[in-house]
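Taking it in order: structure first as structure tokens, then the write-up.
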Amino acid sequence: MVKCPFCGYDSSEEGFKLLRKPWKFRFYTVKRIECPKCHGVFNYYYGVSPRSNKVSVFVIRVRPRKR
Ligand SMILES: [Zn+2]
């Protein structure tokens, strides 16, 4: 599940709009995603830490909702 950091909308990844091809950042795969509800844009990081072998997920806000 992915949750929008702006409006709290959550859905599976398919429920969001992918704005560009995913890319790699360290051990993360990064997806730039637009929320279909509020049109805020954020980066979704997903990766497995090579040290702890645990899944790590976080989001970074890129652009808040536009009017
Ligand atoms: Zn939203």
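The values are calculated or read from the model by the stated rules, or taken from the named source; none is laboratory data. Computed from a prediction, not measured in an experiment: that's the story for all the values here. For neighbour counting, all protein chains shown are included, and Cβ atoms are generated from backbone atoms with ideal geometry for every residue, glycine included.
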Residue hits (the stretch 3-43; more than 18 Å from residue 64 (Cα to Cα) and among the small types (Gly, Ala, Ser)) are 11, 12, 15
| said: Criterion first (touching a Cys at 6+ places or on another chain (Cβ under 7 Å) and not acidic (Asp, Glu)) does residue 17 satisfy it? | reply: no
Those strands (runs of 3 or more DSSP E) completely within the chain that have 1 or more residues that are surrounded by 13 or more Cβ atoms within 10 Å (Cβ to Cβ) and touching a helix residue (DSSP H, G or I) at 6+ places or on another chain (Cβ under 9 Å) are 28-34, 41-48
Expected single match for near the ligand (Cβ under 9 Å from one of its atoms), over 24 Å from residue 52 (Cβ atoms) and at pLDDT 95 or above among 8, 15 is 8
Scanning the stretch 18-47 residue by residue, the ones that are of a type in the set (Gly, Ala, Ser) and near the ligand (Cβ under 10 Å from one of its atoms) total 1
